Amino acid sequence: MHWPGARHSESERMSTPEHVAIIMDGNGRWAKSRGLPRIAGHRAGVEALRQTVRAASDHGIRWLTVYAFSSENWSRPKSEVTDLLGLLKIFIRRDLAELHQSGVRVKVIGDRQGLATDIKGLLDEAEALTSLNTAMNLVIAFNYGGRDEIVRAARKLVAAVKAGQVDADSIDADTLANFLDTAEIPDPDLVIRTSGEMRLSNFLLWQAAYSEFVFLPCYWPDFTRSDLAHAVQVYSARERRFGGVAPRDVAL
Ligand code: IPE
Ligand code: IPE
Ligand code: MG
């Protein structure tokens, strides 16, 4: 018996998510609750990220996407933006060698045009150095916004139609998906957001169409491997139907 979920891969229905995406939220509140400046929260957040990459790899998660800086985060005070950009640079400079040694392939999504040349250079370097690694994929969403990504994809698609490379009448969801930053990346099975907020904040709008969501109350710097294990466990107890009917109910 065919059911719509059948076109999704076996791993999408199995208990370990192949792709986990995390909205790392709550750094500022973590710092505030300790009487510290927001930058202290962001620094602690980088440490939580390091631990989470290791934990995800130990879990056998093949793809980990982290929301590091949104296209809307530019609206924060200039000093905080500078701090966040500085931390990204430090993270890549300090951690790239270890990520590479551990076989992690780094991929960056988001708009890279208009970024400072040193940041662009670091992001390019991280991708180039690790491009052949196969142990795990770390996707960093930087200067990323789901709407912005879809708009850029639409522009590229229009250009391809104009150049005669794509037939406009044949455009379907897969055609557009192939122009997104995530073209080579499977959709996230599980999206986790920390800090108690329950919204997407422009993260993976297209790709999360059938993702499972787990919202955790802890602030991102407090996120540990046991929180990841908990989220994966909650995920594995969910039933994904992709708009179809679960196989056991098909004949009813
Ligand atoms: C998440 O923490 C980090 C980024 C958005 C870059 P926040 O800085 O949003 O922390 P809160 O939400 O203000 O506590
Ligand atoms: C989402 O968090 C962006 C990142 C985690 C990088 P925000 O803190 O920017 O989202 P809002 O403003 O609370 O929706
Ligand atoms: Mg926030």
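The values are calculated or read from the model by the stated rules, or taken from the named source; none is laboratory data. Note that this is a predicted model, so its numbers are computed, not measured. Cβ coordinates were reconstructed from backbone atoms using ideal geometry, including for glycine residues, and neighbour counts include every protein chain displayed. All accessible areas refer to the heavy atoms of the entire protein, side chains included, with ligands and DNA or RNA removed. Shrake-Rupley method; radii C 1.70, N 1.55, O 1.52, S 1.80 Å.
For the reader, a short list of remarks on this structure follows.
- Unique match (being at pLDDT 95 or above, away from ligand 3 (no atom under 16 Å from the Cβ) and either assigned to a helix (DSSP H, G or I) or open to solvent by 20 Å² or more (accessible area, probe 1.4 Å) (or both)) among Glu98, Glu12: Glu98
- Every condition in (1) within 15 Å of ligand 2 (Cβ to nearest atom); (2) among the aliphatic types (A, V, I, L, M); (3) open to solvent by 70 Å² or more (accessible area, probe 1.4 Å) holds for Val158 except the one numbered (1).
- Qualifying residue in the stretch 137-145 (condition: open to solvent by 60 Å² or more (accessible area, probe 1.4 Å) and either among the basic types (Lys, Arg) or closer than 16 Å to Gly45 by Cβ (or both)): no
- Within the stretch 26-70, tally of residues that are open to solvent by 30 Å² or more (accessible area, probe 1.4 Å), within 13 Å of ligand 2 (Cβ to nearest atom) and under 22 Å from Glu149 (Cβ atoms): 1
- Enumeration of residues in the stretch 62-83 that are of a type in the set (Phe, Trp, Tyr) and in a strand (DSSP E or B): Trp63, Tyr67, Phe69
- Ala154 vs. criteria outside any loop (DSSP other than H, G, I, E, B), touching a residue at least 24 places away in the same chain (Cβ under 8 Å) and out of contact with any Cys (no Cβ under 8 Å at 6 or more places or on another chain): yes
- Every pair of residues 6+ apart whose Cβ atoms lie under 9 Å, when the first sits in the stretch 216-244 and is closer than 14 Å to Thr194 by Cα and in a loop (DSSP other than H, G, I, E, B) while the second is at pLDDT below 95 and aromatic (Phe, Trp, Tyr): none
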